[in-house]
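Here's the structure we're looking at; comments come further down.
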Amino acid sequence: MSKSKIVTLDSLSLSNILNEDSELIPLMTPEDEEIINKEEVPEILPILPLRNTVLFPGVVIPITAGRDKSIELINEANKGDKVIGVVAQKNEEVEEPTRNDIYQTGVVAQILRVLKMPDGNTTVIIQGKKRFEILDMIQEQPYLKATVQEALEDREIDDPKEFDAIIDSIKHQALEVIKENPMLPSEASFAIKNIQSDSFLVNFIASNMDLSVMQKQVLLEKDSLKERALLALKNLNKELQKLQLRNDIQSKTRSDLDQQQREYYLHQQLKTIQEELGGASNEEELDEMRLKAQKKKWSKEVGETFDKELKRLRRMNPQMAEYGVQRNYLELMLELPWGEYSEDKFDLKNAQKILDRDHFGLEKVKERIIEHLAVLKLKGDMKSPIICLYGPPGVGKTSLGKSVAESLGRKYVRMSLGGMRDEAEIRGHRKTYIGAMPGRLIQNLKKAGTSNPVFVLDEIDKLGQSHQGDPSSAMLEVLDPEQNTEFYDNYLEVGYDLSKVLFIATANNLGQIPWALRDRMEIINVTGYTIEEKVEIAKRHLLPKQLKEHGLKSKDLKLGKAQIEKIVEGYTRESGVRGLEKQVAKVVRYAAKSIALEEEYNVTLTDEDIETILGAPRLERDKYENNDVAGVVTGLAWTSVGGDILFIESILSKGKGHLSITGNLGTVMKESSTIAMQYIKANAEEFGIKPEVLENYNVHIHVPEGATPKDGPSAGVTMLTSLVSVFTQRKVKSRLAMTGEITLRGKVLPVGGIKEKILAAKRANIKEIILCEENRKDIAEIKESYLKGLKFHYVTEMSEVIDIALTKQKAKNAKKLV
């Protein structure tokens, strides 16, 4: 091909076909292609990396060189034989490409013209000749240089007729693309029709299609001309389909706009007819909105937002779908209680009466509410605290919110968070989406009608996570007194003041609440009830409630304290009173059935009647098991439903000193048993244990109720005591329980859940409890009535535990250990 024949292209579109005098000249002929094919590929080539295009054999393209290396390469090559190697980059962001950053297949190019541009860049017009493959990179500075070899093309055609059909299809599809795309000039059709070489046509089309660099590189690397032609045809078909689809969409959109204009004129006529008939028009409704807005107590910013959105609604066609969305948004803004607050009642004595009336016990919670009222009364205004009531189920956490609302004289709102996994439930959806709604916080405030209700966030520890977001993270802004003055709802899109809302969250397990969320709340521990408290709760609240729900009067059934206590001890084992209420309901149903069937029954129930109705007592297993067997120790445990007692048993058998553990124990408890065993081996002489016993007997530790998983750092002292007891055959004191963790040095460490454990000990009729000295402060916070009948031993060393827990004499039927 002669040097004067240049084809310049601009992306998809064909620009001009120029010679050096800018005159229109014909495209490359088969003769030109034959000349190029006879030329040999040099063994060494300077390599010019291209950022965003791929050069094909025979095709002429302009390249803008901005990198210093590229400019230096072009200048040196232009002074010599003007032959360079052109290779595409894998990533156009790389500024200093190496061999790993470029493709291995490129095209030998002839520099046709070099132009200096006003912006300092260099534009070079190059023509592709033959494909090559890089063998080795021999130079990286001042520019890349590599040894190469020619990438031979397979131009053999098995079926000429089939290949001719492929070429005709490529030409036809290319002309259709030019016809469908108004951005392409008419000269492009002329160029396609006048291309005589089949291989150049394929390369020309591949170079100018709207493909990525990687897709073009795949075309370039095809050795077979037929395969390259077929792949080019496939991509042409896709491009044509896209163009046709885009043109169809534009045509439909244009017709839709014409239809909207027609509907607008018809709507204007309809509006005039409605006004003539005396009906309300949209304009009148919008004016009503504007008048309502003038009475709202919102900030200047919110007022400006409302006015702006109202003007937008006026400009909309009422027949459009967006009109309803916009109208719903404005109605929400008008219905929200901006700056509207219910007046707090500052009668602290009456508030105390209401709290005492509805809930027995819960002294700390009541005290905190009265403190809040007192500060409100003195200061007149304050940011409401975020209270989190933490405790087992059934102790009255949720129902406490109603009593607090009544005592404050505020509206009561409850929102259940259990299982919530969508962040939009808290923050709402953006109003641009179809079916968008505000978050449940804003919805509940709209229902409440005031901006300072008592808002109960129930089961905050049950918030879930999913691909739709993390609701617990969305709650961070809600439950931060420093941030919730401008709570942002995605639907509302303006800040809403939540600082006057009294949030009361409830949770069963603090460990499931993210630490960042827990840090924003004031944690109040609502522990379980004693037997005496449960009896009072059943008498004052549960029995009257169930009698009312079952249509009975107080004279129809009477339960004495002894009978209620029997129900508590024999049929329920819980920290709360939910199970107790179910048993009371069963007793009330018995009376209701007897009345309905006109059968005789005892109005004042006896213990025998309770067993007849509820069956034999089923939950005596949490009672203390008195025994004279060495190795059995009573421990105290904390569970999600309150405190409980557990028994740790150890037994010896002939063997080689192995330790085995059963009872569905977790990692922590298994480690505690290992530590206890090693401590005993290290201090066997101090405990009076012969080394032969440790060497000749296997030890098995078991915690009953193996189906129940057990874990935690509270069983260390219990396990060590059990092991010492079985090795020395000394039994443990009766009516004694213990809790605490140990170290390898024999130190006793403090543990948590003390109040729940104390209540469990009282239920089990335990008389003495061994605790770490550092747990003394926890005992000081418990009401004296809970501690009545209990004796506490505070220890720091494991030796003290053994001295207190084990009796001097050996257990009955004690084994004689050698």
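Of note:
- Flag if Asn696 is assigned by TED's automatic domain parsing to the domain that holds Val751, modelled with pLDDT of 85 or more and under 18 Å from Glu797 (Cα atoms): no
- Positions within the stretch 431-458 being modelled with pLDDT under 85 and on the phi < 0 side of the Ramachandran plot, in sequence order: Lys431, Thr432, Tyr433, Ile434, Ala436
- Here Arg410 clears all of (1) at pLDDT 85 or above; (2) of a type in the set (Lys, Arg); (3) in a helix (DSSP H, G or I); (4) more than 30 Å from Gly511 (Cα to Cα) except the condition numbered (3).
- Subset of the stretch 272-288 (residues that are assigned to a helix (DSSP H, G or I) and either at pLDDT below 80 or β-branched (Val, Ile, Thr) (or both)): Thr272, Ile273, Gln274, Glu275, Glu276, Leu277, Asn282, Glu283, Glu284, Glu285, Leu286, Asp287
- Among the residues of the stretch 491-518, those that are surrounded by 21 or more Cβ atoms within 10 Å (Cβ to Cβ) and either among the charged types (D, E, K, R) or not in a strand (DSSP E or B) (or both) comprise Tyr491, Leu492, Leu498, Val501, Ile513, Leu517.
- Within the stretch 462-473, residues that are part of a helix (DSSP H, G or I) sit with their Cβ atoms under 9 Å from residues that are of a type in the set (A, V, I, L, M, F, W, C) and surrounded by fewer than 16 Cβ atoms within 10 Å (Cβ to Cβ), at 6+ positions apart or across chains, in these pairs: Ser472/Ala516; Ser473/Ala516.
- Entirely in the stretch 717-818, the helices (runs of 4 or more DSSP H) that have 2 or more residues that are of a type outside the set (D, E, K, R) and touching a strand residue (DSSP E or B) at 6+ places or on another chain (Cβ under 6 Å): 754-763, 798-805
- Flag if Asn484 is without any contact (Cβ under 8 Å) to a residue 24 or more places away in the chain and either of a type outside the set (Gly, Ala, Ser) or farther than 25 Å from Glu371 by Cα (or both): yes
- Within the stretch 756-770, residues that are without any contact (Cβ under 8 Å) to a residue 40 or more places away in the chain have Cβ atoms under 8 Å from residues that are in a strand (DSSP E or B) and crowded, with 20+ Cβ neighbours inside 10 Å in these pairs: Lys767/Leu736; Glu768/Leu736; Glu768/Ala737, counting only partners at least 6 apart in sequence or on another chain.
- Residues that are touching a His at 6+ places or on another chain (Cβ under 6 Å) and surrounded by fewer than 13 Cβ atoms within 10 Å (Cβ to Cβ), drawn from the stretch 657-684: Ser660, Thr662
- Filter result for Lys777 (more than 21 Å from Val668 (Cβ to Cβ), in the same structural domain as Ser650 (by TED's automatic domain parsing) and over 43 Å from the mean Cα position of the chain (by Cα)): no
- Residues (part of a loop (DSSP other than H, G, I, E, B) and over 24 Å from Ile44 (Cβ atoms)) located in the stretch 115-148: Met117, Pro118, Asp119, Gly120, Asn121
- So Ile192, is it crowded, with 18+ Cβ neighbours inside 10 Å, part of a helix (DSSP H, G or I) and more than 54 Å from the chain's Cα centre (by Cα): yes
- Members of the stretch 583-597 found to be surrounded by fewer than 18 Cβ atoms within 10 Å (Cβ to Cβ) and either closer than 20 Å to Leu759 by Cβ or in contact with a Pro (Cβ under 6 Å, 6 or more places away or on another chain) (or both), listed by number: none
- Checking Leu115 against (1) touching a helix residue (DSSP H, G or I) at 6+ places or on another chain (Cβ under 9 Å); (2) without any contact (Cβ under 8 Å) to a residue 40 or more places away in the chain, the condition it does not meet: (1)
- The stretch 306-324: number of residues that are surrounded by 15 or more Cβ atoms within 10 Å (Cβ to Cβ) and either touching a Phe, Trp or Tyr at 6+ places or on another chain (Cβ under 9 Å) or outside any helix (DSSP H, G or I) (or both): 5
- Exactly one residue out of Leu211, Leu201 is assigned to a helix (DSSP H, G or I), surrounded by 17 or more Cβ atoms within 10 Å (Cβ to Cβ) and without any contact (Cβ under 8 Å) to a residue 40 or more places away in the chain: that is Leu201.
- Residues (surrounded by 20 or more Cβ atoms within 10 Å (Cβ to Cβ), over 22 Å from the mean Cα position of the chain (by Cα) and not aliphatic (A, V, I, L, M)) located in the stretch 432-457: Ser451, Asn452, Pro453, Phe455
- Every condition in (1) touching a helix residue (DSSP H, G or I) at 6+ places or on another chain (Cβ under 6 Å); (2) farther than 22 Å from Thr739 by Cα; (3) surrounded by 17 or more Cβ atoms within 10 Å (Cβ to Cβ); (4) not basic (Lys, Arg) is met by Leu636 except one, and the failing one is (2).
- Test: residue in the stretch 709-729 that is on the phi < 0 side of the Ramachandran plot and either exposed (fewer than 14 other Cβ atoms within 10 Å of the Cβ) or touching a Pro at 6+ places or on another chain (Cβ under 9 Å) (or both): yes
- Contact map, the stretch 158-186: residues that are buried (at least 16 other Cβ atoms within 10 Å of the Cβ) paired with residues that are part of a helix (DSSP H, G or I) and charged (D, E, K, R), Cβ distance under 7 Å, separation 6+ or inter-chain. Pairs shown: Phe163/Lys226; Ile167/Asp198; Val177/Glu239.
- Only one of the numbered conditions (1) surrounded by fewer than 21 Cβ atoms within 10 Å (Cβ to Cβ); (2) under 16 Å from Leu736 (Cα atoms) is violated by Val801, and that is (1).
- Take the conditions (1) in a helix (DSSP H, G or I); (2) surrounded by fewer than 17 Cβ atoms within 10 Å (Cβ to Cβ); (3) of a type outside the set (Phe, Trp, Tyr); Gly419 misses just one of them, which is (1).
- Residue count for the stretch 504-518 under the criterion of being within 15 Å of Ala474 (Cβ to Cβ) and within 17 Å of the chain's Cα centre (by Cα): the result is 4.
- Residue among Ser342, Ser384 that alone is of a type in the set (S, T, N, Q) and either assigned by TED's automatic domain parsing to the domain that holds Leu502 or in contact with a Leu (Cβ under 8 Å, 6 or more places away or on another chain) (or both): Ser384
- Qualifying residue in the stretch 738-748 (condition: of a type in the set (Asp, Glu) and in contact with a Pro (Cβ under 7 Å, 6 or more places away or on another chain)): yes
- Count - residues of the stretch 119-161 that are of a type in the set (Asp, Glu), modelled with pLDDT under 80 and over 23 Å from Ser207 (Cβ atoms): 4
- Filter result for Glu343 (at pLDDT 80 or above and closer than 30 Å to Leu759 by Cβ): no
The values are calculated or read from the model by the stated rules, or taken from the named source; none is laboratory data. No experiment lies behind these values; they were computed from the predicted model shown. Positions of Cβ are generated from backbone atoms using ideal geometry, with glycine treated the same way; all protein chains shown enter the neighbour counts.
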